[in-house]
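Colleague: I'd like to ask you about the structure that follows.
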Amino acid sequence: SQKIEQNSEALNIQEGKTATLTCNYTNYSPAYLQWYRQDPGRGPVFLLLIRENEKEKRKERLKVTFDTTLKQSLFHITASQPADSATYLCATNPANTGTASKLTFGTGTRLQVTL
Amino acid sequence: SAVISQKPSRDICQRGTSLTIQCQVDSQVTMMFWYRQQPGQSLTLIATANQGSEATYESGFVIDKFPISRPNLTFSTLTVSNMSPEDSSIYLCSVEGVAGGTYNEQFFGPGTRLTVL
């Protein structure tokens with residue numbers, strides 16, 4: 001069955017460094033991947049969407065890549081700040097849903113940026 | 001974008017009782033989604049609620065346990081019935097953005113934190 005996997009271990013980095021989070025998927029080919037940020041006690045907030053025919057997408061300090069060969073998406077935060085500390089979720093459409101909006105989420109990776 | 005509110009924000013309930021969660025959106029939307037996020041877990045889709053038709057449930061979720069109403073294009077409710085401690089979770093509703101294109105982001109409500117004793 002299709003699976004989305006993120007590193008469940010927290011990622012601890014120093015302020016100013018680049019944080020890189022990984023999302024791997026197996027057993028299907030999603031049309032797109034989305035990345036969300038979730039703070040404790042709040043709902044996820046959309047950050048970026050990348051389509052299967054796109055290699056890279058940028059938004060301010062954020063960059064997402066999509067490698068359909070490796071079946072992997074990488075999410076980068078450059079010049080990280082303590083305010084970037086949160087859990088980051090990747091999500092994608094289940095297989096064969098066309099334009100349907102249902103999302104399958106990974107388990108999320110918690111990022112902690114320290115001074 | 002869409003602004004979504006949920007009520008209640010949290011509740012503590014006794015086993016065997018039911019709780020109805022409300023979701024209000026500030027714009028008209030076709031589909032509303034209900035997710036569950038169990039402690040330490042990611043979001044799992046419970047059902048999709050369309051106005052004017054029965055909700056569509058995902059595998060592992062049934063209408064008797066999670067009845068959903070969708071009386072209009074801006075409002076939906078999810079009821080967690082005959083609760084047990086295993087239902088302790090955060091319940092979130094979401095809607096799809098209308099920015100155009102085939103694939104759109106989703107906007108989530110703040111969630112309802114449910115604890116069942």
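Colleague: Just the residues that are surrounded by 12 or more Cβ atoms within 10 Å (Cβ to Cβ) and more than 9 Å from every other protein chain (Cβ to nearest Cβ), please, taken from segment B:38-47.
Modeller: Those that are surrounded by 12 or more Cβ atoms within 10 Å (Cβ to Cβ) and more than 9 Å from every other protein chain (Cβ to nearest Cβ): B:Gln38, B:Ile46, B:Ala47.
Colleague: I would also like to ask the following. Test A:Lys55 against the criterion of being modelled with pLDDT under 95, within 28 Å of B:Pro39 (Cβ to Cβ) and charged (D, E, K, R), and give yes or no.
Modeller: Spelling it out, it is not the case that A:Lys55 is modelled with pLDDT under 95, within 28 Å of B:Pro39 (Cβ to Cβ) and charged (D, E, K, R).
Colleague: Since B:Met31 meets every condition but one in (1) touching a residue at least 24 places away in the same chain (Cβ under 8 Å); (2) within 11 Å of chain A (Cβ to nearest Cβ); (3) crowded, with 21+ Cβ neighbours inside 10 Å, which condition does it not meet?
Modeller: For B:Met31, the failing item is (3).
Colleague: Restricting attention to segment A:74-96, report how many residues are over 22 Å from B:Thr44 (Cα atoms), β-branched (Val, Ile, Thr) and part of a strand (DSSP E or B).
Modeller: The qualifying residues number 1.
Colleague: I've got another one for you. Determine if segment B:103-112 includes at least one residue that is touching a Gly at 6+ places or on another chain (Cβ under 7 Å), modelled with pLDDT of 95 or more, more than 12 Å from chain A (Cβ to nearest Cβ) and at positive phi.
Modeller: Checking segment B:103-112: not a single residue is touching a Gly at 6+ places or on another chain (Cβ under 7 Å), modelled with pLDDT of 95 or more, more than 12 Å from chain A (Cβ to nearest Cβ) and at positive phi.
Colleague: Taking strands (runs of 3 or more DSSP E) that fall entirely within segment B:5-107, which contain at least 1 residues that are polar (S, T, N, Q) and out of contact with any strand residue (DSSP E or B) (no Cβ under 9 Å at 6 or more places or on another chain)?
Modeller: Correct list: B:68-72.
The values are calculated or read from the model by the stated rules, or taken from the named source; none is laboratory data. Everything numeric here is computed off the predicted structure, so don't read it as measured data. When we count neighbours, we look across all protein chains shown, and the Cβ atoms used for this are built from the backbone with ideal geometry, even at glycine.
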